[in-house]
Amino acid sequence: MTQAQDIPTWSLTFQLKLMAALDAAWAILEASDDPAEIRRARDKAKACGELAAVARKVAQMVPTPRGKPQMAEAVAGMATTQAVATVQEMMAAMSPPTAAPVAAQAEHARRALDKLKGGRRGRL
């Protein structure tokens with residue numbers, strides 16, 4: 001049985017096996033004109049795809065290690081935050097804020113909430 005700490009290694013090994021099987025099926029498709037052999041190669045390629053989907057799901061089940069974030073992740077997060085702030089500044093510079101659209105959005109949101117509650121009767 002594969003242990004949880006071995007799943008990344010298992011996933012890589014399994015992916016290499018699947019790629020080799022797909023290469024073999026592709027070679028059969030290129031070399032053969034026999035319909036039965038082509039059908040078997042296609043079935044083999046389809047099975048490889050299904051196995052790859054299941055293997056991807058298994059590989060994603062591995063819990064991420066907890067602890068302090070890596071320095072690269074922190075730097076990337078700061079760069080993203082700065083980019084969002086820059087976009088917000090550009091949007092603010094392009095058009096001055098107006099109160100009318102905000103009020104219209106608030107009214108629309110209030111009406112939608114009333115509909116979800118069951119009208120104006122206040123039922124949930």
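Quick note: the coordinates plus some simple rules give every number you see, no bench work behind them. Just so it is clear, the model here is predicted, and its values are computed rather than measured. With ideal geometry, Cβ positions are generated from the backbone for all residues, glycine too; neighbour counts draw on all protein chains shown.
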Spin-label point model (7 Å from Cα, Cβ direction): what's the D34 to D6 distance in nm?
3.8
In order over region 13-22: 3J(HN,Hα) from phi, Karplus 6.51/-1.76/1.60, θ = phi - 60°, whole Hz, x for each Gly or Pro, gives 5, 5, 4, 5, 5, 5, 5, 5, 5, 5
How far apart, in nanometres, would the label points at Q60 and R110 be if each is projected 7 angstrom from Cα along the Cα-to-Cβ direction?
4.2
Calculate the spin-label point distance for L51 paired with K117, positioning each point 7 Å from the Cα along the beta-carbon direction, and give it in nanometres.
5.8
